[in-house]
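The values are calculated or read from the model by the stated rules, or taken from the named source; none is laboratory data. All values derive from a computational prediction rather than experimental measurement. All Cβ positions, glycine included, derive from the backbone under ideal geometry; neighbour counts span all protein chains shown. Heads up: the accessible areas ignore ligands, DNA and RNA and are worked out on the full protein's heavy atoms, side chains in. Shrake-Rupley method; radii C 1.70, N 1.55, O 1.52, S 1.80 Å.
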Amino acid sequence: MERNLKNVLVISFGFLLLFTAYGGLQSLQSSLNSEEGLGVASLSVLYAALILSSMFLPPILIKKLGCKWTMAISMCCYIAFSLGNFYASWYTLIPTSVILGLGGAPLWSAKCTYLTIAGTSYAEKAGKNAKDIINQYFGVFFLVFQSSGIWGNLISSLILSQSSTKVEISEEDLECCGAYNCLTDTANTTGSAKPSNSLIYTLLGVYTASGVLAVLLVIIFLDQIKSDQAETEKEKLEAPSFWSTFLATFRHLKDKRQCLLIPLTMYSGFEQGFLSGDYTKVYVTCALGIQYVGYVMICFAAVNSLCSLLFGKISQFTGRKLLFALATVTNTACIIALLLWKPRPKQLAVFFVFPALWGLSDAVWQTQTNGLYGILFEKHKEAAFANYRLWESLGFVIAFGYSTKLQAYIKLYILLSVLVLSMVTYGAVEYLEAKSSPGTPTATKENGGPHSQESRM
């Protein structure tokens, strides 16, 4: 096997194993650690740490350790979070959430750097276009990686469904489910009782083992980047000084278009935070049981993955405006329906319709927003995508931060308000673009694939 392709597959399957564990744990946090809002608080802290990590750590670690060891050490940060869940408390989950957040940005930056160097190296040897090879390597990576959401949630549902605790949910308890949820620990007051410790430990053991395998795979089978390539990359990392890069992120806010895109970027964090932090708890866990959370999130991940591929292809024919309109209408319809719907166990299919439609919308928000950043800010991509990660992560922090303080219907109204504001400001961006460059086609192929997953940690 061609050596560079072998390294791409090692990274791809390493990330698959790692995010099989993390993705499953993130979906369960609001239900599994619901006491005093510990689960969503840990996620809020995690994304706050990710913001700091994105600003400071990636260039420093990659320069000092190289891509391979930056990835290996960063993966250990994710394992720490799994271990923190074994004895979930404010003294274990919050520190391990900080550790994971700090490791998140270097992990993704090292991955992107490694695949870029590997693609460039192979292209030089084979006399091919470097951009084509790099895109091919990223395509292989995401083909493998994107299934992690399915496997992680499938594992959680299969293990947690073994629970022998089957309690009939009364109508009175079901009144606490849905948009007008009672601000109490619904996961424990309804029939969706918390699984036994033995099942939880089994699940966490599987997730931890998956993370350890990911680290071993990278350490044992991933080749170091050749010294001359590494030195070249170090020079690139050193070219702009750390502080100039840091300040460039904020200087980029002088661009009116960047400021107008902040609501849309934050909305991406809000809507993902609502689905994983609120929908899973006050609709699914409350009315069906925690064992269904994984199946529901599999539905979201599968539709999201398929639609991401589809929209990436058809955007060149439809243009991004039509896709943004589709996502807006779909998300708005879901929000209104969730405000009106009273979840009941007999309506099983409905619990899957919402994440499927949410996955369709999220596919647009991820692919098209990333593509929009790449097109609008082609000359300042680094600062632009740093802003993307900053504002989307802030959306996550806020969404998880108020998760336990407000009833679901208030959060849905906030979500709808941010969505409306996002479309108004996005429309202003399109107007400015049309005004400045009349006749320029807006249907440009989306080219922000790698970044769309960074937001998911």
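So the values come out like this:
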{"quantity": "Cα gyration tensor category, rounded, prolate or oblate, for the range 244-323 with a/c compared to 1.5", "calculated": "oblate"}
{"quantity": "Gyration tensor verdict on the chain (Cα atoms; rounded if a/c is under 1.5, prolate if a/b is larger than b/c, oblate otherwise)", "calculated": "oblate"}
{"quantity": "Residue 336 accessible area, 1.4 Å probe, all protein chains in place, Å² to nearest 10", "calculated": "80"}
{"quantity": "Spatial separation of Cα centroids for the range 329-397 and the range 14-30, in angstrom", "calculated": "19"}
{"quantity": "Helix-only [θ]222 nm of the chain, DSSP H runs n ≥ 4, -39500 (n - 2.57) each, per residue, nearest 500", "calculated": "-26000 deg cm²/dmol"}
{"quantity": "Accessible surface, per residue, of the range 249-435 when the full set of protein chains is kept, probe 1.4 Å, Å²", "calculated": "37"}
{"quantity": "Label-point separation in nm, residue 158 to residue 83, each point 7 Å along Cα→Cβ", "calculated": "2.7"}
{"quantity": "FRET efficiency, 1/(1 + (r/R0)^6) with R0 60 Å, evaluated for residue 172 and residue 309 via beta carbons", "calculated": "0.85"}
{"quantity": "Protein accessible area in the chain, 1.4 Å probe - carbon and sulfur %", "calculated": "66"}
{"quantity": "Residues residue 407 and residue 326, FRET efficiency given R0 of 41 Å [Cβ-Cβ distance, rounded to 0.05]", "calculated": "0.90"}
{"quantity": "Under the span-like rule (Cα at least 27 Å along the axis, Kyte-Doolittle mean at least -0.5), DSSP H helices of the chain", "calculated": "3-32, 38-84, 93-126, 197-221, 256-274, 293-318, 320-340, 348-376, 381-401, 408-436"}
{"quantity": "R0 of 45 Å, Cβ-Cβ distance residue 340-residue 65: FRET efficiency to nearest 0.05", "calculated": "0.30"}
{"quantity": "Cβ-isolated cysteines (cut-off 4.7 Å), the chain", "calculated": "67, 76, 77, 112, 259, 299, 307, 334"}
